[in-house]
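The structure under discussion appears below in the form of structure tokens.
The values are calculated or read from the model by the stated rules, or taken from the named source; none is laboratory data. The structure displayed is predicted, hence computed values, not measured ones. In this analysis, Cβ positions are derived from the backbone assuming ideal geometry, glycine residues included, and neighbour counts consider all displayed protein chains. With ligands, DNA and RNA removed, areas are computed over all heavy atoms of the protein, side chains included. Shrake-Rupley method; radii C 1.70, N 1.55, O 1.52, S 1.80 Å.
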Amino acid sequence: MTLQEIVSRFPTTPFIFAGSGITRRYYDLPDWSSLLLHFAKIVKGGDAFSLRYYENLLDEGITQKDKMPTIASLIEKDFNALWLSNGSKIRSSDPLVIEQIEAGVSPFKAEIAAYLRSKSALKEAYTGEVEKLRRISKSNVSGIITTNYDSFFEHICDGYKVYVGQDELVFSQIQGVAEIYKIHGSIEAPNSIVINREDYQLFNDKSKYLAAKLMTIFMEYPIIFMGYSLSDPDVLSILEDIVACLPEEKVSVLGERFVFVEYDRDKKESVITSHSIVVHERVINMTKIVTSDFAEIYDALAVKKAAFPVKILRRFKDDLYTFALTSEPRTTMRVADLGDERIDENTLALTIGLASTGKYGLARAVDAEKWYRNIILQDLNYSADDMLELVYPELAKQNSGKLPVWYYIQNLSNQQIGNMAKEKGAACYQAIVSEDSVKRNRTATNGRSALQIWNDEKDNQRKAIRLIGVLPEEKVDVGELEMILNELFQQDENVLSALVGPDRSNLKRLIRIYDFLKYKTP
């Protein structure tokens, strides 16, 4: 079987599960042991046996799994004490490191982040190989899972969403496409780095939640392990948690989707074999590829391509998910009300693209409250042309034409679209606030300006809204009114929905006044 045949059998584009071997290859970054040796030498003045010194401090009964995290804890304790001591010579001059430590980050982790950042330079020999990885990341790879701290994948995977640390991944709504899961933290957030014994204890305490989150990924996508050893404790730990949650028949499905890539510099050609590992007394059979050239893997992955660039698919999935929860369309989609009688459920279609580039069935998607609110918050992703052409005719029927329109007219690109709104829009201040209303409320307003009423009546905002809405024009400064309305909507963006009866009408009147004073041109 060839590499291309393996990939052609994948049901979907795969996830890459990447370990330190990847960035050791491309950036010449250290693996875990080499990283600890580097910092042990800093503590011990360059002694070549500094890591052995810390190994010698370990209890005899310590497990292999706990060995490296415990050494990291010992080094961190000494390193931090030395770094924080008066006149320390090991302090970095990097202002970012100083800023992070002042904010409470462990000096050890801040300096690890700085060290990896300084070493993250692509080795010239692998420029072509990394370019191939960059290309397949656009449409041939669904996402990345990695225990690496560095930013290699963020730099080459354009448009991918990054989740840093276990908590961010567990408590986020992931879409499973064009995403990078940095489960052991990132140099961009040094406190998130999982390296010492306490970090691993916290990580393991929550590992079941992580396994549950990754379960869908592992069951739906092929997983290509790269940059790891088959005995790597990080990989085995995650597999143990996932396998523990699966019935026997599902474990075999995992094996069918797993491809383990092992690097061997002496291999002139890739060798493909089957391989088995035992996890929780269950056997997982997988495909193993031994190679010295990762470019061959990337070339093979080019065979399997998603229908759209994965970053576009992710944005669309994210926007569709958000719309389903909130009924609020996002920047990449416009949605007509699914109850719209003009829509035949047998011909319903979804359109992918920028919301600003086309016309959609908006007549039922925007109600009067959204129309009013948008004048203050400007939070709808529809153009003024579409709002006046497609939404306004319906709303005008329901609101006797008494809608604020000048904000939308001001932002038109095609002025002819606004003719109907111009005819029905308030032509003067008295069309919104009658002289009779002003006279009836003179005693209550008592010659005060809009801002004075707002400040005087802060404990009774509904009263303040009512009184400002019956002021003569000369008492209403548009800048002050804008500040008042912004404050109201910042307190509650759905304030119009919260108010009922006359109170809602009074707030709408304020928005109509603001719309006229701010946007009506002579």
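The helices (runs of 4 or more DSSP H) found wholly in the range 1-58 and carrying at least 2 residues that are over 18 Å from A295 (Cβ atoms) and not acidic (D, E) occupy 32-43, 50-55. Within the range 414-429, being outside any loop (DSSP other than H, G, I, E, B) and either touching a Pro at 6+ places or on another chain (Cβ under 8 Å) or open to solvent by less than 70 Å² (accessible area, probe 1.4 Å) (or both) holds for I417, G418, M420, A421, Y429. For the range 106-149, filtering for residues that are assigned to a loop (DSSP other than H, G, I, E, B) and closer than 30 Å to K304 by Cβ leaves 9. Of the candidates F218, F203, the single residue that is surrounded by 15 or more Cβ atoms within 10 Å (Cβ to Cβ), under 27 Å from A300 (Cα atoms) and within 29 Å of the chain's Cα centre (by Cα) is F218. Looking only at residues that are open to solvent by 20 Å² or more (accessible area, probe 1.4 Å) and either of a type in the set (F, W, Y) or not in a helix (DSSP H, G or I) (or both) in the range 500-522, which one is nearest to R462 (Cα to Cα)? Looking at residues that are open to solvent by 20 Å² or more (accessible area, probe 1.4 Å) and either of a type in the set (F, W, Y) or not in a helix (DSSP H, G or I) (or both), I get V500.
Exactly one of these conditions fails for Y27: (1) among the hydroxyl-bearing types (S, T, Y); (2) exposed (fewer than 14 other Cβ atoms within 10 Å of the Cβ); (3) under 30 Å from I156 (Cα atoms). Give me its number. Condition (2) is where Y27 drops out. With the condition kept exactly as written, say whether any residue in the range 228-241 is of a type in the set (D, E), modelled with pLDDT of 90 or more and touching a helix residue (DSSP H, G or I) at 6+ places or on another chain (Cβ under 7 Å). No, because not a single residue in the range 228-241 is of a type in the set (D, E), modelled with pLDDT of 90 or more and touching a helix residue (DSSP H, G or I) at 6+ places or on another chain (Cβ under 7 Å).
The C-beta contact set for the range 46-58 (first residue farther than 18 Å from R197 by Cα, second residue open to solvent by less than 30 Å² (accessible area, probe 1.4 Å) and small (G, A, S), distance under 6 angstrom, 6+ apart or interchain) comprises S50/A40. In summary, helices (runs of 4 or more DSSP H) completely within the range 173-290 and bearing 2 or more residues that are among the aliphatic types (A, V, I, L, M) occur at 207-220, 233-243, 248-257.
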